[in-house]
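*Asks:* Please find one structure pasted underneath; my questions will follow.
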Amino acid sequence: MRHLAVKFWTAVKHFTASHFETLGIASSLFGLVILFNPLIVQANTCALSLSSAPDLWRQGKKQESIWQLKEQGQLSEGLLREKELAQTLRNGEFKFAQKLAGGHTDPNLVQFSSGIRAVWKPLPKHSRQDNLEVAAYLVDHMLGLDVVPMTVPRAVNGQNGSMQYYIADAQSGNKHREYYHRKKGPMSLRLLDYLISNSDLWGGNLLVTPSGKVIAIDNAATFRPYIRPTEEAKLRTELTQIINLQYYRKLKNLTEQEIQRQLQPYLSQQRIEALITRKDMLLKMAKPIFEK
Ligand SMILES: Nc1ncnc2c1ncn2[C@@H]1O[C@H](COP(=O)(O)OP(=O)(O)OP(=O)(O)O)[C@@H](O)[C@H]1O
Ligand SMILES: [Mg+2]
């Protein structure tokens, strides 16, 4: 036995030596990154920051503080803070600061007198007044996915639109190789994108905070009002990346009435029904895995 162990150890040493000689240290490091990549990608629940929730709040990082509170199970405190932030975004005084790079939408950075910043987007003319950014936030919020910054409806000069909390200090996902595509993101994000049928999945629509939390912005190309014929087969191949037991339970507890109640002000009935069909399709497919 001991002989075998020595042989094994010698082989490992030989392999390591030649590995370093022929491929160099860089490739070994690359190997480590590959090895730990799934952990990095899945670890979206890591603490937002080393600062405590009250510190974050004092620093003006309101949404970050709320996510931290929820992560630590301080739900009633989180809810109170959420009400306060929503009140600012809905009614607070602000001024326009600058236009942000905009492709399809017209995002404007605004500065509130209370200190926080937000992104105001007017609703596109063809939208039939569906407020997709707000609806995406509500889906995120109903399931506690906590990847979309708070987004509320807000009209400016008679123009309806959405007001989304601005995440400062974050980097665009397209600067992170692992997030060039939103499909590479954590399960919370995958589940969100499936439910809202997001068709704009490039890394530029993600933000990554210094502590590695992934944030979903630009949820404007979403809520397809019908189910594509290929959708079910696609879901089958991606099922285990989209849902786990924790999310299965959350989704199962989310009633149709609650979805209707929250989304009716912002989405057409067709879009809501398509979302409910997607949810039911996912639950039906996942049931044999999680209810053995
Ligand atoms: N909530 C937010 N927090 C921080 N930055 C944001 C937020 N929303 C938007 N941004 C910044 O503004 C940019 C443009 O916003 P968004 O992607 O929503 O608009 P867009 O019209 O699709 O523009 P693009 O075509 O550049 O993606 C983002 O790439 C990001 O840098
Ligand atoms: Mg975008």
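*Asks:* With the contact rule set at Cα under 8 Å and sequence spacing of 6 or more, what percent relative contact order holds for region 92-290?
*Replies:* It comes to 18 percent, rounded to a whole number.
*Asks:* To continue, here is another question. For region 110-172, what is the relative contact order in percent, using Cα pairs closer than 8 Å and at least 6 residues apart in sequence?
*Replies:* Computed over region 110-172, the figure is 37 percent.
*Asks:* While we're looking at this one, here's another question. Which trypsin sites (Lys or Arg not before Pro) does region 72-162 hold that lie in a coil by DSSP with at most 15 other beta carbons within 10 Å?
*Replies:* Answer in residue order: ARG128.
*Asks:* Would you pull out the residues with amide H under 5 Å of LEU123's amide H, same chain only if 5 or more places away, H placed 1.01 Å from N?
*Replies:* For LEU123, whose amide H was placed from the backbone, the distant partners under 5 Å are ASN160, GLY161, SER162.
*Asks:* Also, I was wondering about something else. Suppose each label sits 7 Å from its Cα in the direction of the beta carbon; what would the MET285-THR230 distance come out to in nanometres?
*Replies:* 1.4
*Asks:* State, as an integer percentage, the relative contact order of region 215-285 based on alpha-carbon contacts under 8 Å between residues 6 or more apart.
*Replies:* 56 percent.
*Asks:* Suppose the chain between ALA97 and LEU109 were pulled fully straight at 0.36 nm per residue; how much longer would it get relative to their current alpha carbon spacing?
*Replies:* Stretched out fully, the ALA97 to LEU109 stretch lengthens by 3.8 nm.
*Asks:* What are the principal axis extents of the Cα atoms in region 92-290, in Å, biggest first?
*Replies:* Ordered largest first, region 92-290 gives principal extents of 52, 37, 28 Å.
*Asks:* I need two numbers for region 118-169: Rg to one decimal and Dmax as a whole number, Cα atoms only, in Å.
*Replies:* Rg and Dmax of region 118-169, Cα atoms, are 11.4, 34 Å.
*Asks:* Excluding residues fewer than 8 places away in the same chain, name every one of the lysines whose C-alpha is closer than 28 Å to that of LYS62.
*Replies:* Counting by Cα, and skipping residues close in sequence, LYS62 has these lysines nearby: LYS70, LYS83, LYS95, LYS99, LYS121, LYS175, LYS183, LYS184, LYS213, LYS250.
*Asks:* Run a plain Debye calculation on region 36-175 (Cα atoms as equal point scatterers, no solvent) and give log10 I(q)/I(0) at q = 0.15, 0.19 Å⁻¹, rounded to two decimals, same order as the q list.
*Replies:* Normalising to I(0) and taking log10 leaves -0.81, -1.24.
*Asks:* Here is a follow-up. Treat every Asp and Glu Cβ in region 240-282 as -1 and every Lys and Arg Cβ as +1, leave all other atoms uncharged, and give the resulting dipole magnitude about the Cα centre to the nearest 20 debye.
*Replies:* That gives a dipole near 140 debye.
*Asks:* Over the Cα atoms of region 184-292, what Rg and Dmax result, in angstrom?
*Replies:* 14.2, 40
Readers should treat all values here as calculations from the given coordinates under stated rules, not as data from a laboratory. Since the model is a prediction, treat every value here as computed from it, not as a measurement. A quick note on method: Cβ atoms are made from the backbone with ideal geometry, for glycine too, and the neighbour counts reach across all protein chains shown.
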